[in-house]
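Notes follow the structure.
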Amino acid sequence: MKKMISLLLVCVMAFSFTACGNSAETEEADTAEVAVTEETTEEAETEEATAEEVATDGTITVGVVQTNANESDWRTANTKSFNEAFAEAGFEIKMVFGEGDHAKQISQAQQLIQEEVDYLVVLGLQSAGWEDVAKAAKEAGIPFIMADRKLELSEDLYTAMVCSDFEAEGVKAVDWLKTQELDAAKIVVLGGDTGSSAQLGRSKAIEDGAAANGWEIVFNQNMKGWDETLAKQAVADLIASGTEFNVIYAENDNMARGACDAMDAAGITYGKDGDVTVIAFDANKWALEYVLEGKFNLDVECNPLHGPRIVELINSLEAGEVVEQNAYVDEEMFDCDTITQEIVDARSY
Ligand code: AHR
């Protein structure tokens, strides 16, 4: 804009200089104004050059809207993965944490759009309610990328997703439980944060599985923040109330450990040779040690190492390549009868 004004001034001055003739006064006045114009032009060129320098130093800035800093061991590994991979790639990361507050995540995302990040990566506490943010990012020309948890958005509103298929994770657990041929499964479901796609998918799988196989769900509650202590207390209360159960379906490792602690306190046996079958999700390294020791019967992997995946995606987009819009992460499951020390040792998180 400044450049246009100075160009206009130069044109006006050239015209008025010619129109006023060559008198000394006119020349002096015109020279002063031309000098001012040149300064304005130089300023504009300097500013533009500075702006170009910023633009051409090539640093990619990525806004990451993360859930909670200390939500779970999985989340800690996930945040670490972003920070390490982005540092290695030379990206500038602007990570913000919703800390259990969906509205806060929305305003944080809008702020990052205002700051004109080059990419916006969202890990939603809630799967619904992201349309306005996605539209704002689209209008600002900022690619919207989902990581970890798929959000309820039409495909025209996001550039790509690198997520886990949580319902498929749950189906793996259900199919494995069927192989255990329990006489009468009485299942305790310890759900994650209500409304997160992780909770919705895993809960749907066990609820559908119970209905299809004649299993009884004796308890089904979501723990705020995937909290291990809340899970421990819930199971302790169940035991104290005399509720009978023989399966713990905990939607992450930390809550499964909380349930085991409650059963320990009550003298209830669990795991490979116990009375209660324990199913967990995430497959943190420490949890696979639990599987190896026979404390957890099954652990279904939910891989948190999204940093390198998002770096690869952004580099492809920067190179103008066509990227797969919907990419689900490949994940395994580990049971106490087949796991080995080598498998545990090989885990990186
Ligand atoms: O979105 C993935 C889930 O969020 C993990 O299973 C859980 O541990 C984390 O907090």
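Any residue in region 100-112 that is closer than 25 Å to L151 by Cβ, in contact with a Gly (Cβ under 6 Å, 6 or more places away or on another chain), among the hydrophobic types (A, V, I, L, M, F, W, C) and modelled with pLDDT of 50 or more?
yes
Search region 61-81 for residues that are over 19 Å from D118 (Cβ atoms) and not assigned by TED's automatic domain parsing to the domain that holds A147 and pair each with any residue that is near the ligand (Cβ under 10 Å from one of its atoms) and in a helix (DSSP H, G or I) when their beta-carbon atoms are under 7 Å apart and the residues are at least 6 apart or on different chains.
Nothing qualifies.
Being surrounded by 17 or more Cβ atoms within 10 Å (Cβ to Cβ) and on the phi < 0 side of the Ramachandran plot is the filter here; which residues of region 273-284 pass it?
V276, T277, V278, I279, A280, F281, N284 - these are the residues of region 273-284 that are surrounded by 17 or more Cβ atoms within 10 Å (Cβ to Cβ) and on the phi < 0 side of the Ramachandran plot.
Which residue is surrounded by the most Cβ atoms within 10 Å (Cβ to Cβ), if the candidates are limited to region 287-318 and must be outside any helix (DSSP H, G or I) and more than 13 Å from the ligand (Cβ to nearest atom)?
F296
Anything in region 144-166 that is outside any strand (DSSP E or B), more than 12 Å from the ligand (Cβ to nearest atom) and either open to solvent by 30 Å² or more (accessible area, probe 1.4 Å) or aliphatic (A, V, I, L, M) (or both)? List them, or say none.
E152, L153, S154, E155, D156, L157, T159
Within region 220-232, is there a residue that is more than 16 Å from the ligand (Cβ to nearest atom), within 26 Å of R75 (Cβ to Cβ) and open to solvent by less than 50 Å² (accessible area, probe 1.4 Å)?
no
Which of the residues belonging to region 175-203 are buried (at least 20 other Cβ atoms within 10 Å of the Cβ), more than 16 Å from the ligand (Cβ to nearest atom) and outside any loop (DSSP other than H, G, I, E, B)?
L177, I187, V188
Mind counting the residues in region 270-286 that are within 16 Å of the ligand (Cβ to nearest atom) and in contact (Cβ under 8 Å) with a residue 60 or more places away in the chain?
Residues meeting the conditions: 7.
The values are calculated or read from the model by the stated rules, or taken from the named source; none is laboratory data. Please read these numbers as outputs of a predicted model, since none were measured by experiment. For neighbour counting, all protein chains shown are included, and Cβ atoms are generated from backbone atoms with ideal geometry for every residue, glycine included. All accessible areas refer to the heavy atoms of the entire protein, side chains included, with ligands and DNA or RNA removed. Shrake-Rupley method; radii C 1.70, N 1.55, O 1.52, S 1.80 Å.
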